[in-house]
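What follows is calculated from the coordinates using simple rules that are stated; it is not laboratory data. Only a predicted model underlies this, so the values are computations on that prediction, with no experimental measurement involved. Note that each Cβ is placed from the backbone with ideal geometry, even for glycine, and that neighbours are counted across all protein chains shown.
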Amino acid sequence: MKIALMNEFSQASKNAVVLEQLNQVAGDLGHSVFNVGMSDDNDHRLTYIHLGIIGSLLLNAKAVDFVVSGCGTGQGALMSLNAYPGVACGYCIDPADAFLFAQINNGNALAIPFAKGFGWGAELNIRYIFEKAFSGDKGQGYPPERKESQVTNAGILNDIKDATCKTYLEGLKAIDPELIKTAVGGERFQACFFENCQVQELADFVRAVVES
């Protein structure tokens, strides 16, 4: 599995701690991690608005399989990511959230609060969140006997989003071009995206924005 980690400006200083825990868990499970957001306070500046653009591009282009995001409360990142088709982002405070989201909703992104409640032992909580999010089979239901209805409802919700949204590329083209340009301006994002993108029209779109 390819996993992207994204931090925005208000919590950029937490990136090293979160990345360390994610790398430890992902490495043990054989997953790859791409640190595509801000790595510190002096990096290419991003807001949670940009995280939604970045995460949706990576997921819709099949450049990564899963996105880990967040902000101070996690709520802004959650709403930003869920604004796009092809993204099913859950809100995660503790390992139980991660486990239940993986089993019931089986989405492809998490939004985590990196300021609220991020105190003593925060690195342990983050590590255990990642262990529950990325270990074992997903979509098995909880409790298991409710798997069928939970899988069905998760699929219906994705279908509703697709039905009520513009096509993904059409939606991107309707967004303020400066927001897109800032979102895709980071070198680590570009490296991950262009190396792994499997949708040519999205690669062409991002390349045109970068070169503009």
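At 222 nm, what helix-only mean residue ellipticity would the chain give, in deg cm²/dmol to the nearest 500, using -39500 (n - 2.57) for each DSSP H run of four or more? Kindly include the intermediate steps, with their values, before the conclusion.
Values: 10 runs with 109 residues, N = 212.
It comes out at -15500 deg cm²/dmol, rounded to the nearest 500.
Note on residue 120 and residue 163: the extension gain reaches 11.1 nm, defined as 0.36 nm multiplied by sequence separation minus the Cα-Cα distance. For the pair residue 142 and residue 201 in one chain, pulling the backbone fully straight at 0.36 nm per residue adds 17.4 nm over the alpha carbon distance.
The alpha carbons of the chain occupy a box of 51, 40, 29 Å along the principal axes, longest dimension given first.
The local environment of residue 24, defined by Cβ-Cβ distances under 15 Å, has a net charge of -2 under the rule Lys, Arg +1 and Asp, Glu -1.
Amide H contacts of residue 34 (H built 1.01 Å from N, in plane; Pro and chain starts excluded): 3, 4, 5 sit under 5 Å, all sequence-distant by 5 or more or on other chains.
Applying 1/(1 + (r/R0)^6) with r as the Cβ-Cβ distance of residue 194 and residue 65 and R0 = 25 angstrom yields a FRET efficiency of 0.90. Close amide H partners of residue 106, meaning residues 5 or more places away or on another chain with modelled amide H under 5 Å apart, are 139. Please work out how many pairs of lysine residues in region 2-211 are eight or more positions apart (or on different chains) and have Cα atoms closer than 22 angstrom. Number of lysine pairs found: 19.
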